[in-house]
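A short write-up of the structure that comes next.
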Amino acid sequence: MRRFLVTGGAGFIGSAFVRLLLDAIPESEIINLDLLTYAGNLDNLEGLDPARHQFIHGDIAAPETVHQALPDGCEAIVNFAAESHVDRSIADCAEFLRTNIVGTQVLLDAARAKGVKRFVQVSTDEVMGSLAEDDSSYFTEESPFAPNSPYAASKAAAEHLVRAAHHTFGLDAVVTRCGNNYGPRQFPEKFLPLMICNAFNDQSIPVYGDGLNVRDWIYVDDHCRAILAVLEKGKPGAAYNIGARNPRRNIEVAESVLAALGKPKSLLRFVVDRPGHDRRYAIDPSLIESELGWRPQETWESGIQKTIQWYQENSRWIERTRNNEYREYYRKQYGDKGAAS
Ligand code: NAD
Ligand code: DAU
């Protein structure tokens, strides 16, 4: 058997990766370590074979927990566990520093101590900051770090620790940097599922600032297939940018979702901008395409269709997710947000 430790595997992308790995590698066994924060959800793991997937409720920043969770002969750690929402990091970044930075170091130390063969750090294009609005530049693997939000800064710090573990201790580590994921089971604090869930109820959709910020969108399973390719074939010490060549303005994304749902544009409400809001992300995925032969399988149209269909068929998941804690978050985040000037 091939044994893996996946962290944050009850979240949006981690749970998609767990399903993919179990399908793609029939001889794999996964230990899934997740703290089940507001974003972690055991419903995301429904139906997995308990003989090959073991869930452990625990904290990646707790060395003893990680040590106990790490199976003997573990082939790789794939680290998804993180605080992942930019707006929450602006409100309070303490948990971001603890999980994203300290937690990553705890995992790196455990990997070395137990002789884990490979460490995959799931990072983000946000470590490279913002591209200028009106040029045609892209993020490449050589783009300098310029994280702008506390979230991005914590992910950049984590990457530095991974790099240091590789350089100083020879740990076989690889990093992936992806853009904005969308797909089933994404927590509805993020723009795309927030729009879909609000629109279902004819509730207004908050668009920050002028709505012209650009994000580079990728269907979650395409991101997971790229991580799998990096896990299997990535060069030790390398970082790989992952993107589907799909940069779009927020307003265009909102309008296409409303059109697909048959809802009016009048639901859009322009509100005060996010502080420090990065203007444009656009990823050049040439390296992973040429070196590892990865290509996205979904188009924007097919991915959005699948995503909307999943939310339409999973109203119970939405109800359970949009609980009292979520409603309180929503009130604080949007309750007194004025209109954009
Ligand atoms: P998510 O917020 O949906 O899930 C995060 C998971 O981590 C949750 O299950 C949560 O319970 C778990 N977790 C949080 N703190 C933990 C801790 N201390 N110990 C153990 N588990 C903990 O996030 P996501 O969108 O699935 O993102 C997963 C990873 O991918 C993150 O590292 C994120 O930075 C990165 N990423 C996300 C995107 C995106 O568009 N969502 C894009 C690029 C990279
Ligand atoms: O680029 C990768 C990153 O993408 C990941 O590292 C992060 O974990 C993930 O959360 C995402 O970050 P963003 O800040 O880009 O995603 P979010 O869904 O929060 O916002 C997408 C865009 O939509 C962004 O320009 C802000 C805007 N927005 C967001 C929300 C929540 C709105 O206009 N209104 C909103 O209510």
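The values are calculated or read from the model by the stated rules, or taken from the named source; none is laboratory data. For clarity, every value in this text was computed on a predicted model and none was experimentally measured. Here Cβ is always computed from backbone atoms with ideal geometry, including for glycine, and neighbour counts include all displayed protein chains. For accessibility, only protein heavy atoms count, side chains too; no ligands or nucleic acids. Shrake-Rupley method; radii C 1.70, N 1.55, O 1.52, S 1.80 Å.
Based on alpha-carbon atoms, the Kirkwood radius and the radius of gyration of the chain give Rg/Rh equal to 0.94.
With distances taken between every two different alpha-carbon atoms, region 241-298 has a Kirkwood hydrodynamic radius of 14.2 Å.
The number of Lys pairs in the chain with C-alpha atoms less than 30 Å apart, excluding pairs fewer than 8 positions apart on the same chain, is 24.
By the scheme Lys and Arg +1, Asp and Glu -1, what is the net charge of all other residues having a beta-carbon under 12 Å from that of Lys332? Here the charged neighbours net out to -2. Computed on region 74-233, with alpha-carbon pairs under 8 angstrom and 6+ residues apart, the relative contact order is 25 percent. The apolar share of the surface of the chain, taken as the fraction of accessible area on carbon and sulfur atoms (1.4 Å probe, ligands and nucleic acids excluded), comes to 50 percent.
With contacts taken as Cα pairs under 8 Å at a separation of at least 6 residues, the chain carries a relative contact order of 17 percent.
Need one number: nm distance between label points at Glu328 and Ser302, each 7 Å from Cα along Cα→Cβ, rounded to one decimal. So the two model labels end up 4.3 nm from each other. Each of Glu313, Glu232 has its accessible area taken with a 1.4 Å probe; listed largest first, they run Glu313, Glu232.
For the chain, the solvent-accessible area works out to 42 Å² per residue, with a probe of 1.4 Å and every protein chain left in place. Modelled this way, with points 7 Å down the Cα-to-C-beta line, the labels at Arg274 and Arg295 are 3.2 nm from one another. Surface listing: Arg331, Arg163, Arg279 arranged by accessible area from highest to lowest gives Arg163, Arg331, Arg279, probe 1.4 Å. In region 44-156, the ratio of gyration radius to Kirkwood radius, Rg to Rh, stands at 1.04 when only Cα atoms are counted.
Within the shell of other residues whose beta carbon sits under 13 angstrom from the beta carbon of Val120, the net charge comes to +1, with Lys and Arg scored +1 and Asp and Glu -1. With N as its number of residues, region 65-108 has a Cα radius of gyration that, divided by 2.2 N^0.38 Å, comes to 1.38.
Computed on protein heavy atoms with a 1.4 Å probe, the accessible areas place Asp59, Asp221 in the order Asp221, Asp59, largest first.
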